[in-house]
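The values are calculated or read from the model by the stated rules, or taken from the named source; none is laboratory data. These numbers were taken from a predicted model, which means no experiment stands behind them. Positions of Cβ are generated from backbone atoms using ideal geometry, with glycine treated the same way; all protein chains shown enter the neighbour counts. Keep in mind that these areas ignore ligands, DNA and RNA; they rest on the heavy atoms of the full protein, side chains included. Shrake-Rupley method; radii C 1.70, N 1.55, O 1.52, S 1.80 Å.
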Amino acid sequence: MLKPEKVVRFYAYTTKLHVDDMAEALMEFDDVHVEPPEGLPGVKPPEGLETPDLDAYEEIIRALERASALTGISLEDILNQATSNKIPETVDHKELISELDELVGKYLSLRKELELAKKAKSLLKERTNRLRELEEKLEELEMKIKEYYAAALEITEEDPTKLRLGRMLLEIDRDLLRTSSLVNAALNPSMSINDIREILRNLLESLSELEARLLAVQDELKEEKEIEEVKRGIQDLKEILEELNREIEGYMRRKDKLSELKAVESLWNRMRDTIRKVPELSPLLVEREPAIAKVTQQIADLENEIGRREGIIREKLQLAKKLIANVREAFIRLRDRMLTIKAVAAGEAEQRVSELIEGAKPIISEKGKLEEEIKKLEVLSNKEEVGKLKEEAEKLLLKVRETAAKLASKALSVKPRAILQKLKKMTYLGEEIAVISGWVPSSKIDDFERSIKDKLGNYVALEFEEPKKGEGVPSKVKLPTILRPVRLLTHRLYGLPSIRELDPTPITAIFFPLMFGMMYGDVGHGLTLALFGALLWSRSRGAMKELAGLLIYSGMAAAFFGYLYGMIYFIEFTEHPILSPLHDTMRLMAVALLFGAFELMVGFIMNTINKLLEKDIFAALFEYKGVTTLIMYAGAVYAVVRNNADIVGTITDPLFISMVVPLLITAIAPVIRAAREGHGIGEGMSEMIATLLESVLALFSNSLSYIRLAAFAVIHEVFGVLTAQLILGKEIATIADLGSLIAPGALIGFVFMNIAVMGLEGMLSFIQATRLTFYEFFSKFYKAAGREFKCVSELLGPTLSS
């Protein structure tokens, strides 16, 4: 009980034909922790092994966990229903999973609608206002479209061809304006050649679109001399831009080469500075100087060439600007002659109508969605409809439970076969043999050997090995039923003990409830908490059941301290309590500090035992948290107690002064260990300083942390005083005040205050007791470096267990 059970590694060898028998034998024995024999020469994992039942079991578990998370149905409830709900083996689990997922989807949709129903009225008002806004926007767009259509219709009736021509000429005009603005942007002195290259790419794309538009109207304008002038101008502009493109490419190539040469020159300058510091390398400097001079000349030539090309690029851009201006001037003459103001307006109108229609599409789409949503919200505003939805949701949830129970029942039926297939996956195969390994309790080696040989006879060979130092051995921890709730703190939240480590669960089962009870001391509150824990215990499984047990123990401890404090539901039931947090605060603080000192000393004792289990006698006797630390701390505490915590008296006490000796021994221990292990004195000295700080400052801080036990007890009493003042107008409520407290108004306030404080203080006291347990107590001895010992029946996890 105080430490994990001793286990040994086993290797079980058999023939390939008896792998199934080996798996069955392990499953029947159960009390072994099975692992693949990794690293064993001559064997490897099985290939092509089919595991249909294992795959089915894992699929079912994922589906059940998914359904539980989405619907809030606990896996415990599903399992309870499954054990009394057997289904035929022929039922396909995939069909059940599909059915479950479909039911969960429908249930979630209904739940979403019910959530929406809670705020249906406010949303309905909001959506109706938004719908009105959209309708007004659509009316406005409709009016504008009618106006533009009327303008376009007038000119169309006069000459339909002018409408199309007007639109096309306007588009050409816009393209020319865009081309002109791009050229002007490229001429900006702040533009780099890289920027100009990007603008040039856009210009060539724009000119291609422009040529396509000119081609579309050339039949109608072929007799106009200006159209030929525009086309020639566009072609000349394109040629200039292509020349520009070639110039820019040449410019960029020279720019890259210049960067490379400058990097060479910079590297040589650094090398030259280094060589000058070493006279012997001077001939090398003289030999390389002509080559570097040539590089310098090339850099100068390239810079001149780059400057010249940049000038050419900007000159050609000026030429392009003049050319596009001439083209646009010729086009404007053509446009003004060909089009009347009405035709231009009609072209603009047609374009504008298209834009308005495109703008109306998202508004129409949003309007349709809003209308559907408003209809739905109107239904959800009806109480009768909401009632029907709730009934439907309850029926669906019932179906989800039934289907999940069927799936769980299916999982339980395939689980034995799934475990067998899991064992076969963990059995490695050689040319002729099969081998599986694991851990078995030392006390059960004979039973294990007999069980395996009864099943396989002469077709099995067993080997047993003691665990090697540093090997990750699984921890098989046995706890009596009364202590199992406390493993929530020790094993689940903190970690399992290794095989060479004491299990703190038994001692935590004493210390944790005492710390909680001291902070939460009230007979009524404690008994209520214990009753709540008992109710939770009867309705839960797993970690929740452990929490329930912990609440029972903590509640009983709180009731005990409530008796000492003389309080029940904030009512003082005796005039002379044994220990009053409000009136005996200093005495309560002394009790809290002494309790903390005792707990820390127990931690040192347990650390000493752990070191002895690890066969590290030096650490057990001399290092921090060992025997010398225990002697030093116990001596210092006794000196404080016998001097009634008087600072001057304690410091001058010969006993307190003599505790310097074990302190120095503890501090020197890391130096001795470093020297023995060959790490050097320097490392040992740094450890010595850290040990001194921990032995003095950290222990002092750890001890003071336990004052919180008294502080929270006082806070609990203060809440009682606050309750009495608010309801009765006096400092404390007594038994004599029961008549006043049962008055309706006073009773409601009294009950509310008790419930509120029980919840708030209960949570805070639990957190503080956990903090003291983990950071002050466990940190002195408990590494929690173990891993769980899983029996064969636990190989597939704890989700479902019959």
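Identify all residues within the stretch 32-54 that are over 10 Å from Val414 (Cβ atoms) and acidic (Asp, Glu); write none if there are none. Give the derivation first.
Step one: filter the stretch 32-54 for residues over 10 Å from Val414 (Cβ atoms), giving 32-51.
Those that are over 10 Å from Val414 (Cβ atoms) and acidic (Asp, Glu): Glu35, Glu38, Glu47, Glu50.
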Problem set entry | Selection count where residues are at pLDDT 90 or above, over 23 Å from His491 (Cβ atoms) and either surrounded by 17 or more Cβ atoms within 10 Å (Cβ to Cβ) or of a type in the set (D, E, K, R) (or both), scope the stretch 1-17 | 4
Seminar exercise, completed: If we ask which residues in the stretch 625-657 are polar (S, T, N, Q) and either part of a helix (DSSP H, G or I) or in contact with a His (Cβ under 6 Å, 6 or more places away or on another chain) (or both), their number turns out to be 4
Exercise. Can you tell me how many residues in the stretch 270-307 are open to solvent by 80 Å² or more (accessible area, probe 1.4 Å) and modelled with pLDDT under 65?
Worked result: 4
Problem set entry | Selection status of Gly438, more than 30 Å from Glu102 (Cα to Cα), surrounded by fewer than 17 Cβ atoms within 10 Å (Cβ to Cβ) and not basic (Lys, Arg) | no
Exercise. What tally of residues in the stretch 391-418 results from selecting those that are open to solvent by 70 Å² or more (accessible area, probe 1.4 Å) and either small (Gly, Ala, Ser) or closer than 21 Å to Gly72 by Cα (or both)?
Worked result: 9
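Residues that are farther than 30 Å from Val7 by Cα, in contact with a strand residue (DSSP E or B) (Cβ under 6 Å, 6 or more places away or on another chain) and not polar (S, T, N, Q): does the stretch 728-735 have at least one? Quick ask: steps written out before the conclusion?
First, the residues of the stretch 728-735 that are farther than 30 Å from Val7 by Cα: 728-735.
Then keep just the ones that are in contact with a strand residue (DSSP E or B) (Cβ under 6 Å, 6 or more places away or on another chain); that gives 732-734.
Imposing the further condition that a residue be not polar (S, T, N, Q) reduces the set to 732-733.
Yes, the conditions are met somewhere in the stretch 728-735.
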For this session: Report yes if Lys388 is under 30 Å from Lys6 (Cβ atoms), of a type in the set (D, E, K, R), open to solvent by 10 Å² or more (accessible area, probe 1.4 Å) and outside any strand (DSSP E or B), otherwise no.
Result: no
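Looking at the stretch 114-133, is at least one residue at pLDDT below 80 and either exposed (fewer than 13 other Cβ atoms within 10 Å of the Cβ) or outside any helix (DSSP H, G or I) (or both)?
Going residue by residue through the stretch 114-133, those that are at pLDDT below 80 are none.
Scanning the stretch 114-133 turns up no residue that is at pLDDT below 80 and either exposed (fewer than 13 other Cβ atoms within 10 Å of the Cβ) or outside any helix (DSSP H, G or I) (or both).
Listed here are the residues, each with its yes/no results for (1) within 16 Å of Ile668 (Cβ to Cβ); (2) open to solvent by 70 Å² or more (accessible area, probe 1.4 Å); (3) out of contact with any Leu (no Cβ under 6 Å at 6 or more places or on another chain).
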residue	(1), (2), (3)
Thr608	no, no, yes
Lys611	no, no, yes
Lys615	no, yes, yes
Glu623	yes, no, yes
Gly626	yes, no, yes
Met632	yes, no, no
Ala639	no, no, no
Arg642	no, yes, yes
Gly649	no, no, yes
For this session: Answer with yes or no whether Gly521 is touching a helix residue (DSSP H, G or I) at 6+ places or on another chain (Cβ under 7 Å), buried (at least 22 other Cβ atoms within 10 Å of the Cβ) and under 26 Å from Arg492 (Cβ atoms).
Result: no
Exercise. Of the residues that make up the stretch 20-41, is at least one outside any helix (DSSP H, G or I), open to solvent by 70 Å² or more (accessible area, probe 1.4 Å) and either under 29 Å from Ser443 (Cβ atoms) or at pLDDT 90 or above (or both)?
Worked result: yes
For this session: Scan the stretch 42-60 residue by residue and report those that are part of a loop (DSSP other than H, G, I, E, B) and either crowded, with 19+ Cβ neighbours inside 10 Å or charged (D, E, K, R) (or both).
Result: Val43, Glu47, Glu50
Seminar exercise, completed: The number of residues in the stretch 11-60 that are more than 39 Å from the chain's Cα centre (by Cα) and not β-branched (Val, Ile, Thr) is 15
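Only one of these is at negative phi and modelled with pLDDT under 85: Leu54, Leu79, Leu103. Name it.
Leu79
Across the stretch 713-729, which residue is surrounded by the most Cβ atoms within 10 Å (Cβ to Cβ) among those that are free of Cβ contacts under 8 Å to residues at least 40 places away in the same chain and in contact with a helix residue (DSSP H, G or I) (Cβ under 8 Å, 6 or more places away or on another chain)?
Kept after step one, since they are free of Cβ contacts under 8 Å to residues at least 40 places away in the same chain, are these residues of the stretch 713-729: 722, 725-729.
Of the ones still in play, those that are also in contact with a helix residue (DSSP H, G or I) (Cβ under 8 Å, 6 or more places away or on another chain) are 722, 726-728.
Values: Leu722: 13, Leu726: 12, Ile727: 22, Leu728: 17.
Selected residue: Ile727.
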For this session: Run down Gly749, Gly762 and say which single residue is part of a helix (DSSP H, G or I) and surrounded by fewer than 18 Cβ atoms within 10 Å (Cβ to Cβ).
Result: Gly749
For this session: Consider only pairs whose beta carbons are under 9 Å apart and that are at least six residues apart or on different chains; among these, list those whose first residue lies in the stretch 646-675 and is farther than 12 Å from Ala636 by Cα and in contact (Cβ under 8 Å) with a residue 12 or more places away in the chain and whose second residue is surrounded by fewer than 19 Cβ atoms within 10 Å (Cβ to Cβ) and of a type in the set (S, T, N, Q).
Result: Pro670/Ser686
Exercise. Would a scan of the stretch 652-659 turn up a residue that is polar (S, T, N, Q) and more than 27 Å from Val714 (Cβ to Cβ)?
Worked result: yes
For this session: Starting from the stretch 166-179, keep only residues that are at positive phi, then list their pairs with residues that are outside any helix (DSSP H, G or I) and at pLDDT 75 or above whose Cβ atoms are within a distance under 8 Å, requiring at least 6 positions of separation or different chains.
Result: none
